[in-house]
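Input: a single structure, listed below in structure tokens.
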Amino acid sequence: MNLDKIKAFAFDIDGVATDGGVFCNGEGDLLRTYDAKDGFAIRMAVMHGFPVAVITGGSSESIRKRMLTSGVKAEDVFLHCRDKREQFAIFCQRYNLQPEDVMYFGDDVPDRDLMIASGCGVCPSDAVEEVKEIADWVTARPGGKGCLREAIEATLRMQGKWVFDPVNYKAKF
């Protein structure tokens, strides 16, 4: 696993950025809880010029709103994905990336193709066995409890980019 070559991050939502639990409110919107430390890691990646994509089968606008607050561009939040390869290709093309330039996080069967195609396939510790078997990295943390932070921070640290600049942070967020 060569973290020096990673130029972008992409991830699923349910089971990766969240613990997979979904609450349905009276209006029918599906709500999730997110780990603030994961959100900070996403912001650090964005601040240091890493494109970040969300590629999820979820379709709630609340996903888009949460990811926007973390610095993910609206056009890089792909909702209601049934074949994630299509959106991954769009993301890579948009930023002139090769699949091996991207670290992809997934936790279940629909994520397998992207985990295999990416430069580093990452899954949380509570991913399904079928995904753990093909992952380049199984994080110590479970989904929704810091797995994004663990791998993003390690990548940025290895590249010398885990540096917090409060002025830049205030300007962007």
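The numbers here are math on the coordinates, done by the rules we state, and not lab data. The structure presented is a predicted model; accordingly, all values stated were derived computationally and were not measured. Ideal geometry is used to build each Cβ from the backbone, glycine not excepted, and the neighbour counts take in all protein chains shown.
The table for this structure:
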{"item": "Alpha-carbon centroid distance for the pair segment 138-161 / segment 10-66, whole angstrom", "result": "15 Å"}
{"item": "Placed amide H near residue 54: partners under 5 Å, 5+ positions off or other chain", "result": "11, 77, 78"}
{"item": "Cβ-defined net charge surrounding residue 130, 11 Å radius [Lys, Arg +1; Asp, Glu -1]", "result": "-3"}
{"item": "Rg(Cα) / (2.2 N^0.38 Å) computed for segment 3-162, rounded to two decimals", "result": "0.93"}
{"item": "Cα centre as origin, Lys/Arg/Asp/Glu Cβ charges: segment 33-132 dipole, Debye", "result": "420 debye"}
{"item": "Residue 31 long-range amide H proximity, modeled H, under 5 Å", "result": "23, 24, 25"}
{"item": "Residue-averaged [θ]222 nm for the chain, counting only DSSP H segments that reach four residues, each worth -39500 (n - 2.57)", "result": "-10000 deg cm²/dmol"}
{"item": "Alpha-carbon spread of segment 124-173, three principal axes, descending order, Å", "result": "43, 22, 14"}
{"item": "Residue-by-residue Karplus 3J(HN,Hα) for segment 15-21, coefficients 6.51, -1.76, 1.60, Hz, glycine and proline x", "result": "x, 10, 7, 10, 7, x, x"}
{"item": "Sorted peptide list for 9-16, 88-95, criterion being average Cβ within 10 angstrom, highest first", "result": "9-16, 88-95"}
{"item": "5 angstrom amide H check on residue 18, placed H, neighbours 5+ away", "result": "144"}
{"item": "Positive-end residue, segment 17-135 charge dipole about Cα centroid, Cβ charges, pick of 135, 49, 98", "result": "49"}
